[in-house]
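Reading through the structure tokens given below for one structure.
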Amino acid sequence: MLTKGNWRHLLQYYNFIKGYKSWLVLALILLSIVVPVFEVWILNATKDIINQFNNSNNREDMLSYLKLLFILVAISAVVNWILALVIALNNSANEEKSKLIVLDNFIKHKLSEHDTFDFQQRFNLIRYGLNNCVEGFFVIISGLISSLIKVIVLLATVSLLNNVMLIVLLIIFVIPISIIRGYINRSSLILDWINSYNAIKSRYYKGLLLNTSIVSEILMNKSSKFMFGKWNQHMSEINQRDYKAGVKQFNLSLLLGILLASLITIYIANVVLSQEIIANPGDLFLIVTAAVLIIMSCENLFSQIQMIGFQSNQYRMFKDYIVSQTNERSNSKHLTASELEADKKDDRDLQINNLSYRFQNGSKLVLDDITLRLSSGEKIAIVGPNGAGKTTLYHCMMGLLEPTAGTVQINGLHPHQLSPEERASLFSPVFQSTHLYKGISIMDNLKVGREIDYAMIDAMFKDYDYDQLYGGHLGGVELSGGQIQKLGILKGLLGKGILILDEPTASLDPMAEQEVVTMLLRQTRDRIVILTTHRMGITLQFDRVIVLNQGRIVQDGSPQQLLQIEGLFKEMFESQGQIYKQLSEVE
Amino acid sequence: MEQEPKRLFTGQIRELINKKKGLISLILIIAIVDSAIPVVQVSILGYLVMQLISGVKSDVALFLVIYLFTYFAQHFSAYCKNKAQLKLKLDFAHKLEEEVIQKVAKTSLNTRLQPKFNDSFTAVQNALSPGQISNMIVLMIESLIILLTVIFITINLMSVSIVAPLIVLILLIFVFPLQIKANNIYRDRVLFGHIREQNIISALENDIFSRQGFIEMNIMGYYGWIKNIWLNKFRAFRKIKTKEEIKLQSLNHLLSTFWHVSPVLVVLIVMFTNQISLSQLVILFGSMYYLIPRIFSAVETFTQLQHSLGLFRKVIAFMDEHTPTAKHVLHRATEPQFIKGSNISFAYPDQKNILSNVNFKLNKGDVVCIVGENGSGKSTLVKLITGLLDPSEGMVEFDERCKVPQGSAFFQNFIKLEETIRDNVAIGTENHVSDEQIYKALKAAKGDFAIESGLDTLLDVDLGGINISGGQWQRLGLARTFIKENGIIILDEPTASLDPLAEIELYTSVIDKYSDRTIILVSHRLTATLLADQILVVSEGGITEVGTHQQLMKQEGLYHNFFNVQAMPYLNYYRDKKRLEAN
């Protein structure tokens, strides 16, 4: 539906996508005026031919008229062709623009505290929606102009014939009925497809069923019946609703169609039965064709308006989504240059003071009064039971989450107030699962736009072809899980500042694990390294261990010290150690 | 084409025809009415003109009534057609899609194939867009309508002039190849996968628009850089795409020019050869304007049909290629006394062997631990043992009484179902499961938090459910494995994200509760071998060492190295402690 609000959104949206190639737009508008004029011209020429034929029946005259018609049709075809090319060029330019808009907005997303499966799918649907929306903007506008001009020109042509009955019929009945028909021809079901409960759930189950990495589990646990049941249930509800909407639309459409047909026939009867028109069958032809064309143009006109409403809805949804998901960096106060200089003294220094964090809808503190100070070159391991708050602590350190209370400072800067580019010089992360981009080379994946030290790459993987494209199905290279993880660690090492690792060795075999840890410590002499792990054995190679439990630091000290005293660290270490002891004693 | 997928398609069509006989015959009747309408209309117009010119108006009223009736019939037939199509869609939409997904879900796919799989599935999605089978039926009926119309109109044309249909035929011979070419360009653009740049762009975009990508960009600050890379690649692709688009548009307009111009051309030619009256002229023009677009849409419908069938064939070919048949899994009923594999090799089609010449024997009640280097083929071995994959060479034998290792599995990448806790635990059970059983499984998996918050707790955060940690999810996944009363238990890295205390708790609970079950454990944590009756060491595509912990330690092979590396810090600690105590 087209409402005032929609127009407003559309205008905002126009501002949003400014920077069009203006000659394309100009050509589009111009052509959308020329094309309908040509069509009506052809119609008129045909009328003349028929009249001529009726009056003179002169073969020579006829031929010259037909030649004229032939030329007109040819020219109109060329004009139409140019229009189509302009639209194609326009679409291709706008696709880039709209994708850039989506990209620029994506980076402003807020990190959601939970990992929802539908996050990416829903975002994708919205971004494709916006894509279509941008592509269509000027095309729709030009379609609108085109239809409008056609109606006006046709009405003018018909009124030249001085047929009052026709004009009255057109204005009072035909045009309003066509408008309604045009309106109901487009339904906005697609919007529901993005956000309705059933749509989300059916997408969810389909996504699970088609994920090759979990197919084995589905098979072994025989859960496919359950999943199909759920998928079918949601899907059939969607279908049921689509069917109802469709039937409603067709019923109305039939009713109006029959009404229109009756009107036209009554009109033709009137024309035919009145005497004066019989002399000119060409006029009859013109009137009948014009009536049909006017109906079509009116339907078209109003479905274009409907489209505008639809697109503005798409845009609004995109905007709402972005706004609801966007981090407000309103409190970001950048430090002045002198302050920055003053803080530089604490080079590579991490200070966490009384840090607490609570999830937006949570009641419990995930992090509770954490105070920690690390200086240059320190290597620490963070251990603790599941759910102790390790990941949240990382996210706070890296500025992805804003602390509920307390501060995190690196070199005197607050990470959550910095831009991503500024953060990059403060720390480099290594995640449990490494993110590599398909479609670019391995080297680019390691560099991610930074200046790097090539010697370090050679130290880690010798004789490896880094210029290969990543992604087997793109004709590039496939990597195994272990390889990917090693590349992830290398990617972290190549960065600057504090190295923050989140269980980097969880999927590595024992040898690879040892190799990676040794190299990690060797390559990072004067950098701070923070690592979380569940493998207590590794922690002995670190200077300092911090034990986190229920959001608090319960122990802090060198691993050797902590093993001397009773506490969580010793308990965890021994619970793992006793198995190895037991095993080695069986020998 | 393999038998089964083919049957899948023909079976669908047969079912549709059997179930919806009434509907389909209705559509057939509509087809005949629909095709006759334009002919009737054109003839009436011609007749009307004749009557008007000669000034006889006696029959005009009757003809007007007939004319009105044709309009009604037109609208009504369109209505019936649309509604029948909707009904077909409602009943058959997703039927085929479901069958194919079910088939895919039964295949054991290599995770590394996922990108390729996704690509092919884009094609599959197109082939299986909602109600594709019903669409195909409608397409066939439509082409019938068009054909009938073309025949009727041609007869009508011949009544005016024999020359006209001949000219049309000659013109069309020149235009058909163009039309097919245009359709092919369109198909290539829609099908994708034909342009490498397109694949690269979509792969890159998927990686950019992901949660992990977002986090990295935000921390590492390389957004500007990746945006530029994307932009460059996208522009390269855009150039190609625009070229194709121009080609397509030009061809299409050439064709549409043809069908606008050709009626005039035909009338011109006919006028040169014949003397024709005005009413004949009307019939000629009218028929031509109906005929040419109909012929074009006939070509279009046929190519669409061909296109759908082509896509469908692609789906079937893909399924054939990537469906290592997994016969056993589907019909075994009890736990076997032994599973024996001799000289087994496995490779995915057209790829090199993942495992070669592997031998193993598992007895009922064994706990088998599989260890090995990253990427050495451990997961494939598990799939072979459990019958999820059939070996390409050699065979896996079971004792005769039993046809199946029925079982349950916990894989690293388990399903975190956004439903209730109950659904998450009872997901694979066929019969109704009592709350007691669920509690028991949860207790075995140390999932006490789930019992506390209640079985009906929703885990879908978007719908107001609770948010649980990775470790807690893992326990639900394990409970899912423990809920079945019998069968093999597969645990693939069950402790990877568990803390040390939870790890030991899990081992104890597994030993306590499932001492009589066959358990297959895959782990990088050698603590798992404590439970093992047998350890299989997988290295470079083969089983290099088999035995108990003591035996393997004596062999001083890979296992020995693994154990020493991992155990060293702990053993040192105990040695130092002992020394201290001695002092």
**Report entry** strands (runs of 3 or more DSSP E) lying entirely in region A:490-587 (those with 1 or more residues that are open to solvent by less than 10 Å² (accessible area, probe 1.4 Å) and over 28 Å from residue A:364 (Cβ atoms))
**Finding:** A:498-502, A:529-532
Query raised in the report: Are there any pairs with C-beta distances below 6 angstrom linking a residue in region A:229-252 that is touching a residue at least 12 places away in the same chain (Cβ under 8 Å) and farther than 17 Å from residue B:75 by Cβ to a residue that is polar (S, T, N, Q) and loosely packed, with under 15 Cβ neighbours inside 10 Å, with the two at least 6 apart or on different chains, and if so which?
Result: none
Query raised in the report: Counting only residues that are open to solvent by less than 50 Å² (accessible area, probe 1.4 Å), assigned to a helix (DSSP H, G or I), at pLDDT 80 or above and within 12 Å of another protein chain (Cβ to nearest Cβ), how many does region B:442-476 have?
Result: 4
Requested in this report: Mind listing just one residue for me: the one in region A:410-433 that is in a loop (DSSP other than H, G, I, E, B) and closer than 24 Å to residue A:482 by Cα and, of those, most open to solvent (accessible area, probe 1.4 Å)?
Outcome: A:432
Query - One residue from A:384, A:472 being modelled with pLDDT of 85 or more, at the interface with chain B (Cβ under 8 Å from one of its Cβ atoms) and open to solvent by less than 50 Å² (accessible area, probe 1.4 Å) - result: A:384
Query - Top-ranked residue in region B:424-441 [being within 17 Å of residue B:473 (Cβ to Cβ) and not in a loop (DSSP other than H, G, I, E, B); ranked as most open to solvent (accessible area, probe 1.4 Å)] - result: B:426
Requested in this report: Report yes if some residue within region B:493-502 is assigned to a strand (DSSP E or B), within 11 Å of chain A (Cβ to nearest Cβ), in contact (Cβ under 8 Å) with a residue 12 or more places away in the chain and under 30 Å from residue B:420 (Cβ atoms); otherwise report no.
Outcome: no
Requested in this report: Report whether or not residue B:275 is closer than 29 Å to residue B:164 by Cα, open to solvent by 30 Å² or more (accessible area, probe 1.4 Å) and not in a helix (DSSP H, G or I).
Outcome: yes
Report task. Scan region B:528-575 residue by residue and report those that are assigned to a helix (DSSP H, G or I) and open to solvent by 70 Å² or more (accessible area, probe 1.4 Å). Result -> B:551, B:554, B:555, B:568, B:575
Query raised in the report: Taking into account only those residues within region B:203-229 that are at the interface with another protein chain (Cβ under 7 Å from one of its Cβ atoms) and touching a residue at least 24 places away in the same chain (Cβ under 8 Å), which is farthest from residue A:470 (Cα to Cα)?
Result: B:229
Query raised in the report: Within the group A:75, A:42, which residue is under 20 Å from residue A:289 (Cβ atoms), in the same structural domain as residue A:296 (by TED's automatic domain parsing), surrounded by fewer than 16 Cβ atoms within 10 Å (Cβ to Cβ) and modelled with pLDDT of 80 or more?
Result: A:75
Query raised in the report: Taking only pairs six or more apart or across chains, which ones have beta-carbon atoms under 7 Å, a first residue in region B:374-386 that is within 17 Å of residue B:351 (Cα to Cα), and a second residue that is in a helix (DSSP H, G or I) and not basic (Lys, Arg)?
Result: B:375/A:481; B:375/A:482
Requested in this report: For residue B:552, state whether it is more than 12 Å from every other protein chain (Cβ to nearest Cβ) and within 30 Å of residue B:487 (Cβ to Cβ).
Outcome: no
Query raised in the report: In region B:236-251, how many are more than 7 Å from chain A (Cβ to nearest Cβ) and basic (Lys, Arg)?
Result: 3
Query - Number of the condition not met by residue A:122 [criteria: (1) open to solvent by 30 Å² or more (accessible area, probe 1.4 Å); (2) facing another protein chain (nearest Cβ under 7 Å); (3) modelled with pLDDT under 75] - result: (2)
Query raised in the report: Which residues, taken from region B:477-492, are crowded, with 24+ Cβ neighbours inside 10 Å and more than 8 Å from chain A (Cβ to nearest Cβ)?
Result: B:477, B:478, B:479, B:482, B:488, B:491
Requested in this report: Please tell me if residue A:436 is buried (at least 16 other Cβ atoms within 10 Å of the Cβ), at pLDDT 85 or above and more than 7 Å from chain B (Cβ to nearest Cβ).
Outcome: yes
Query raised in the report: Quick check, is residue A:230 within 12 Å of chain B (Cβ to nearest Cβ), open to solvent by 30 Å² or more (accessible area, probe 1.4 Å), at pLDDT 80 or above and out of contact with any Cys (no Cβ under 9 Å at 6 or more places or on another chain)?
Result: yes
Report summary line: If we keep only residues of region A:199-224 that are more than 7 Å from chain B (Cβ to nearest Cβ) and closer than 26 Å to residue B:384 by Cα, then the residue modelled with the highest pLDDT is A:207
Report task. May I ask you to verify whether residue A:66 is modelled with pLDDT of 75 or more and open to solvent by less than 10 Å² (accessible area, probe 1.4 Å)? Result -> yes
Query raised in the report: Which of the residues that make up region A:15-38 are modelled with pLDDT of 65 or more and of a type outside the set (A, V, I, L, M, F, W, C)?
Result: A:22, A:32, A:36
Report summary line: All-but-one check, residue A:114 against (1) under 30 Å from residue B:224 (Cα atoms); (2) open to solvent by 30 Å² or more (accessible area, probe 1.4 Å); (3) at pLDDT 80 or above, failing number (3)
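Do the conditions hold for residue B:415, that is, is it more than 11 Å from chain A (Cβ to nearest Cβ) and either in a helix (DSSP H, G or I) or out of contact with any strand residue (DSSP E or B) (no Cβ under 9 Å at 6 or more places or on another chain) (or both)? It would help to see each step written out before you state the result.
On the way: more than 11 Å from chain A (Cβ to nearest Cβ): no; either in a helix (DSSP H, G or I) or out of contact with any strand residue (DSSP E or B) (no Cβ under 9 Å at 6 or more places or on another chain) (or both): yes.
Against the criterion (more than 11 Å from chain A (Cβ to nearest Cβ) and either in a helix (DSSP H, G or I) or out of contact with any strand residue (DSSP E or B) (no Cβ under 9 Å at 6 or more places or on another chain) (or both)), residue B:415 does not qualify.
To keep it simple, each residue is scored yes or no on (1) on the phi < 0 side of the Ramachandran plot; (2) more than 30 Å from the chain's Cα centre (by Cα); (3) β-branched (Val, Ile, Thr).
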| site | (1), (2), (3) |
| --- | --- |
| A:432 | yes, no, no |
| A:439 | no, no, no |
| A:444 | yes, no, no |
| A:454 | yes, yes, no |
| A:460 | yes, yes, no |
| A:470 | yes, no, no |
| A:475 | no, no, no |
| A:485 | yes, no, no |
| A:492 | yes, no, no |
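Mind telling me which of the residues A:352, A:277, A:305 ends up being at pLDDT 65 or above, over 28 Å from residue B:211 (Cβ atoms) and either not in a helix (DSSP H, G or I) or not assigned by TED's automatic domain parsing to the domain that holds residue A:406 (or both)?
After applying the criteria, what remains is A:305.
The values are calculated or read from the model by the stated rules, or taken from the named source; none is laboratory data. The structure displayed is predicted, hence computed values, not measured ones. Positions of Cβ are generated from backbone atoms using ideal geometry, with glycine treated the same way; all protein chains shown enter the neighbour counts. Ligands, DNA and RNA are excluded from the accessible area calculation, which covers all protein heavy atoms including side chains. Shrake-Rupley method; radii C 1.70, N 1.55, O 1.52, S 1.80 Å.
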